[in-house]
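A quick write-up on the structure given underneath.
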Amino acid sequence: MPLRRLSRTLLEAVALIALVVLAAACAPNATQDTLKPAGPYAERIDNLFRPVFWIATAVFVVVEGLLLYLVVRYRHRKGRREIPPQVHGNQRLEIAWTIVPAIILVGVAIPTVSGIYALAAKPSGQVLEVNVIGHQWWWEFDYPDLDVNTANVLHIPVGEPVYASLCAAGTGYKGVTAPNACQEAGSYGNVGDDVIHSFWVPRLAGKQDVVPGRTNHLVLQADRPGTYTGQCAEFCGLSHAYMRLEVVAQTPSDFEAWVRQQQADAVTPPQGSLAATGLNEFLNGACIGCHAIQGPKVNDQPLTQPGGPNLTHLMSRDCFAGCIFATNRANLERWMRDPPAVKPGSWMPDYGLSDQQVRALVAYLMTLK
Amino acid sequence: MATVSVPAEGARGGLLRRPTATTGFWSWITTVDHKRIGILYGITAFAFFLIGGIEALFIRLQLAQPDGKILSASTYNEFFTMHGVTMIFLVVMPLSAAFFNYFIPLQIGARDVAFPRLNAFTYWAFLAGGLFIYSGFFLGGAPNGGWFGYAPLSTVEPGNNMLFYALGLLMTGIASTASAMNLAVTIINMRAPGMTMFRMPVFMWMALVVQLLLAFALPIITVGLFQMLFDRRFGTHFFDPAAGGDPVLWQHMFWLFGHPEVYILILPAMGIVSEVLPVFARKPLFGYEFVVFSGIAIGFIGFGVWAHHMFAVGLGPVANTAFGISTLIIAVPTGVKIFNWLGTLWKGDIRFTTPMLFAVAFIGQFVVGGLSGVTHAVVPADYQQTDTYYVVAHFHYVLFGGAIFGLFAGVYYWWPKVFGRMLNERVGKLNFWLMVIGFNLTFGPMHILGLQGMPRRIQSYPATLGLGIWNMVATIGAFLIATSVLIFLLNAIASFRRPRDAAADPWDARTLEWSVSSPPPPYNFEEIPVVHSLDELWHRKYAETEGGVVVPVPAGGAGTDPAHGGSGAGPEGHGAGGHAIHLPGPSYFPAVAALGLPLIGYGVIFHLWMAVAGAVVLLAGVYGWAIEPASE
Amino acid sequence: MESVHTFESEHEATSTGLPNTKLAMWLFLASDCLLFGALISTYVLYRGASLVGPYPSEVFDIPYTSVSSFVLLASSLTMVLALAAIQRGEMGRMRVWLLATGLLGMTFVGGQVYEFTTFYREGLTLSTNLFGTTFYVLTGFHGTHVGVGVLMLLSLVAMSFTGRITPRDTMAVELVGLYWHFVDIVWIVIFTVVYLIPTGK
């Protein structure tokens, strides 16, 4: 009899849903959990979502409950032959059930609109400005006022709003159009800079797209020190899944220390060391075609970094290559040997380096603290 | 029995001798009978459903655990792109078209659609487009830029993949546009005498709104696809930021079509549910006018909400506010229908046949999808939800839990009418329960995955995010769905082993298609019926006493005897019996013309001379068609 | 010889009273409005956004294009005359006016071809800048529509010689006429928006 199976399965469904809701609240390791906001901007969203969610749940319970009730109460009873009265409608009722949801939605619309404007506004007072430049498939972070340029790991001070300008560096802008401040700050001119990305650190803010040709803005803020993960949220090609990032929120003094460390030149490795050999390889090889390191010079010119991450303080970042590998010797060597093999579509090609070269280069990179 | 005339063997008038086969392979290639074309659409759509489902299974296998290694990145990108393209353009739309083609003339009391050869052409163009897109797998790469093909990725990524996308969708777009003209004119212009617009079945209203949505939305995506094609192939700069172009223009073009498209996808299923519920609750649809008006409202407002797919693009607070509000507004006519359906069940005499089960599940699941849609309209919340698995959950609840379930209700409901055999009820119920459980197990957890930070379109995720459990559950659910579909297939195949002896009206239904035999004769109705009310067939079978009690009308009078498969043969019949019924003759030219399209497509990608050849074939097909008389 | 009837001939009753073919043509033209709407919107959106020249003011020859616009306008008049002729049963006259319409249409397209080759020599191609991209695609779509119209007109003339078009087939001429007038009206919009409305460059 379908009825018994119907009610039993529905009970199972309800139990499942309850479990689901509970599990959502209890998930460990949820560094990207939108339901665990860690700053005022993410909180504002959460404070809007939760009541709407509960209203939706209430509507769900009422409507599904009604549905359940109706299919049980009015199921065909064996032996019944009469055809029910052919009711065509009830205009008053239909008008009522059109107006009531409309009113509820007006109620939802008001905080929605105020939320839109609040999140779009540039905060006044002390603000940290950051340029976020999207590349295929890594994040560049440039602090215009601090003269710091890094990749994949974004350090911010707690309690201070961070006003991020989001742009894609793009090819061909040079000489054709004046890049905007964000683009100018970025390392552009490389293939793979022309697609849309989306910058998303769920616990600190909603997401905002990185669109070639325009500069978008996003405000984020962390209330507590910690590491918050994020990733690209707009399909951008082969390694879209591997375009991750970390936000490290620090106390103001720790943040200042970090800034000073980032502003310093790279250390020169001691002569004769394997690292010195690596530096030599770096300056004479293809590396300087894309990567800048602040400190070493080629023909008295500083390295200009058209297209790849700035490596000056690589070891101060606990992840690299779009934050998919921990920054350690083994991973760096694996990467160096054949980047596209470990990251599909990587614009850093396999240079066919010998084991010797790889070890030397990685030894040098490991000095870039 | 009416005599039917088809063009005589070798009849002159056209470029080629007129095909005459009525059975066999060639009769299907040259058919212009809306019923056969409907069956062709249905079978082809179902085949694509299986392929799209297999793509989904691979996706789920890849995502079942963290750091999955089943598919390479490039294959994964092809699979999720093709899954979306297939399900939307090659399954739900053609499956809806199958029902429209088969049942529009039958429900409005006509013998065929307004332009039978155009009808055939739309099927062949659809088939050509679908095969063309899939041929990408063998010719360098299937589309891999997502079903939404955002520029600049879709215009700069090397390879021909997105050329197959643009050209293939242009072909299916031609099919749908032509179909829209045909079916809209049919519904507006070919209704039986007495069938005013407000005596049409709701399914007809939904069909009409869908055709108008197609007619006005498809041109926009056509332009967008040409722009993408030209950017890739001919060096234009529509979406090229280095030349001052705006990638967001593509998004506007796409979603101006894409949003009406989702209503194109759901309204047919809503129409089916609006037919099925009254039949199995034994009372009319509650609030017919409201349901009709809400469908029309959805059609109109549907053109005003497109940028709600673009809340995170950076259009600015004014635009986001406007579209957030318009999206909340459209929730009203959408939600209202739910209450009308509940009102239909209230005080009914509900029989839980398989079609009814699917229709009831549609309501339950569509509510979930609709509610998550409302949370999307809360724009700041959408900044977290967009581009995550929360959205994937939302649209699968409305498109699978809604549209596919509704279409399955239609399949089970109308199977006896189309094939003359019933589907097995017990197997049907097994199909249903497995599908309901599998579906909810697959897509329910995706709400959580999205809220926990899992973006869309990623081929793997790290173990550190805690997403493994629900992904595994979703994968298990997906295999349950696959099992349920297999069971349906077995049910379908088994039905053909049974004799073709279904009654004309096995469900005691309400609309005109049940007044003719199962399957209907080629000319549909012996006499074109004269219609006096909504639910015309029901009123021929039953009348109400003064007290509102429903009693059967005595047979043999002005009513119909469903067992004998004739339409109203009494004094209300249109014309005297014995006059010849003129049917449109079969034709090669729709298929010939459609053949030109993929030739043009391959030509644009590979060798331009082939495009010229294709254009010649297309032109020749159209000319042959124009010169050939529609009927003798 | 069989004449060309549509399945639902103009004399069979329809729910609206309009013949199916006419209703279909109106619906098609309404749909086509959106096609051109999207193309024109793209042009307008990118107006003034080209980063390099040639720019519109540098290549446009308004007097020249005005003449060809007038040619196309005149073709609508001849089209009306063609319809009037068949409605009076004057097949000979109808052929004359249909041919005139077709010739004027071909003159228009020919004029555009000349215009575009001039632009091309002045350095404006599809890929030069946004102006080239949007201009050629918009006018190209329109020109293709005109071309299809000319094909239909010439087909009508040919079919009237072989007896496939008889005085009963006014609907066929009327439908082609509807299409032709639509194409003409679209050109008026394009001419105004693209050529006549001044831009900064």
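Descriptive notes on the structure:
- B:Phe290 more than 9 Å from every other protein chain (Cβ to nearest Cβ) and either without any contact (Cβ under 8 Å) to a residue 60 or more places away in the chain or polar (S, T, N, Q) (or both): no
- Filter result for the condition that a residue is of a type outside the set (Gly, Ala, Ser), in contact with a strand residue (DSSP E or B) (Cβ under 9 Å, 6 or more places away or on another chain), more than 30 Å from B:Ile469 (Cα to Cα) and free of Cβ contacts under 8 Å to residues at least 12 places away in the same chain, over A:Gln86, A:Gln91: A:Gln86
- Any hit, segment C:181-190, residues being closer than 25 Å to B:Ala620 by Cβ, more than 13 Å from chain B (Cβ to nearest Cβ) and part of a helix (DSSP H, G or I): yes
- Residue in segment A:126-149 that is in a helix (DSSP H, G or I), among the polar types (S, T, N, Q) and within 11 Å of another protein chain (Cβ to nearest Cβ) present: no
- Residue match in segment B:191-207 (condition: surrounded by fewer than 23 Cβ atoms within 10 Å (Cβ to Cβ), within 30 Å of C:Gly132 (Cα to Cα) and either within 14 Å of chain A (Cβ to nearest Cβ) or at pLDDT 95 or above (or both)): no
Residue-wise test of (1) at pLDDT 60 or above; (2) of a type in the set (Lys, Arg); (3) out of contact with any Cys (no Cβ under 8 Å at 6 or more places or on another chain); (4) assigned to a strand (DSSP E or B).
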residue: A:Ile156; (1), (2), (3), (4): yes, no, yes, yes
residue: A:Ala164; (1), (2), (3), (4): yes, no, yes, yes
residue: A:Thr171; (1), (2), (3), (4): no, no, yes, no
residue: A:Asn190; (1), (2), (3), (4): no, no, no, no
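- Test for B:Phe58: is it at pLDDT 95 or above and surrounded by 20 or more Cβ atoms within 10 Å (Cβ to Cβ): no
- Residue that is surrounded by the most Cβ atoms within 10 Å (Cβ to Cβ), among those in segment B:140-161 that are within 23 Å of the chain's Cα centre (by Cα) and facing chain A (nearest Cβ under 9 Å): B:Gly146
- Boolean, B:Leu249 is in contact with a helix residue (DSSP H, G or I) (Cβ under 9 Å, 6 or more places away or on another chain), within 14 Å of chain A (Cβ to nearest Cβ) and either part of a helix (DSSP H, G or I) or in contact (Cβ under 8 Å) with a residue 24 or more places away in the chain (or both): yes
- A:Pro111 fulfils the conditions (1) in a loop (DSSP other than H, G, I, E, B); (2) more than 7 Å from chain B (Cβ to nearest Cβ); (3) touching a Leu at 6+ places or on another chain (Cβ under 7 Å) except for a single criterion, (1).
- Complete set of residues in segment A:306-320 that are assigned to a loop (DSSP other than H, G, I, E, B) and under 18 Å from A:Thr229 (Cα atoms): A:Arg317, A:Asp318
- Residue satisfying condition, being under 30 Å from B:Ala504 (Cα atoms) and in a helix (DSSP H, G or I), within set B:Val374, B:Val411, B:Val391, B:Val368: B:Val411
- Residues that are of a type outside the set (A, V, I, L, M, F, W, C) and at the interface with chain B (Cβ under 8 Å from one of its Cβ atoms) were ranked within segment C:38-58; the one that is surrounded by the most Cβ atoms within 10 Å (Cβ to Cβ) is C:Thr42.
- Filtered residues of segment B:348-365 (kept if facing another protein chain (nearest Cβ under 7 Å) and over 29 Å from B:Val378 (Cα atoms)): B:Gly348, B:Asp349, B:Ile350, B:Arg351, B:Phe352
For every residue, the table says whether it meets (1) assigned to a helix (DSSP H, G or I); (2) of a type in the set (Asp, Glu); (3) over 30 Å from B:Arg351 (Cα atoms); (4) more than 24 Å from the chain's Cα centre (by Cα).
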{"position": "B:Gln227", "(1), (2), (3), (4)": "yes, no, yes, yes"}
{"position": "B:Gly235", "(1), (2), (3), (4)": "no, no, yes, yes"}
{"position": "B:Phe239", "(1), (2), (3), (4)": "no, no, yes, yes"}
{"position": "B:Gly245", "(1), (2), (3), (4)": "no, no, yes, yes"}
{"position": "B:His259", "(1), (2), (3), (4)": "yes, no, yes, no"}
{"position": "B:Tyr263", "(1), (2), (3), (4)": "yes, no, no, no"}
{"position": "B:Ile266", "(1), (2), (3), (4)": "yes, no, no, no"}
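Every residue, every condition in (1) at pLDDT 85 or above; (2) within 19 Å of B:Tyr389 (Cα to Cα); (3) within 7 Å of chain B (Cβ to nearest Cβ), yes or no:
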| residue | (1), (2), (3) |
| --- | --- |
| A:Arg4 | no, no, no |
| A:Ala15 | no, no, no |
| A:Ala24 | no, yes, yes |
| A:Ala42 | yes, yes, no |
| A:Ile55 | yes, no, no |
| A:Val62 | yes, no, no |
| A:Leu70 | yes, no, yes |
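- Note on segment C:103-119: residues that are more than 18 Å from the chain's Cα centre (by Cα) and exposed (fewer than 15 other Cβ atoms within 10 Å of the Cβ) total 2.
- Search result, residues across segment A:49-84 that are at negative phi and part of a loop (DSSP other than H, G, I, E, B): A:Tyr74, A:His76, A:Arg77, A:Lys78, A:Arg80, A:Arg81, A:Glu82, A:Ile83, A:Pro84
- Extreme residue, surrounded by the fewest Cβ atoms within 10 Å (Cβ to Cβ), among residues of segment C:124-153 that are hydroxyl-bearing (Ser, Thr, Tyr) and more than 10 Å from chain B (Cβ to nearest Cβ): C:Thr144
- The one condition in (1) at pLDDT 95 or above; (2) touching a strand residue (DSSP E or B) at 6+ places or on another chain (Cβ under 8 Å); (3) part of a loop (DSSP other than H, G, I, E, B); (4) of a type outside the set (Val, Ile, Thr) that A:Leu218 fails to fulfil: (3)
- Residues of segment B:300-347 classified as in contact with a Phe, Trp or Tyr (Cβ under 9 Å, 6 or more places away or on another chain), facing chain A (nearest Cβ under 7 Å) and not in a helix (DSSP H, G or I), total: 3
- Residue-level check: of (1) in contact (Cβ under 8 Å) with a residue 40 or more places away in the chain; (2) assigned to a loop (DSSP other than H, G, I, E, B), B:Ala478 misses just (2).
- The criterion of being without any contact (Cβ under 8 Å) to a residue 24 or more places away in the chain and not hydroxyl-bearing (Ser, Thr, Tyr) holds for B:Ile458.
- When A:Arg224 is tested against (1) surrounded by fewer than 24 Cβ atoms within 10 Å (Cβ to Cβ); (2) at the interface with chain B (Cβ under 8 Å from one of its Cβ atoms); (3) more than 10 Å from the chain's Cα centre (by Cα), just one condition goes unmet, and that condition is (2).
- Residue under evaluation A:Ser346, criteria (1) crowded, with 21+ Cβ neighbours inside 10 Å; (2) among the small types (Gly, Ala, Ser); (3) touching a Ser or Thr at 6+ places or on another chain (Cβ under 6 Å), criterion not met: (3)
- Single residue of B:Met181, B:Met195 found to be part of a helix (DSSP H, G or I) and of a type outside the set (Ser, Thr, Tyr): B:Met181
The values are calculated or read from the model by the stated rules, or taken from the named source; none is laboratory data. Every value quoted in this text rests on a predicted model; they were computed, and no experiment measured them. All Cβ positions, even for glycine, are placed from backbone atoms using ideal geometry, and neighbour counts span all protein chains on display.
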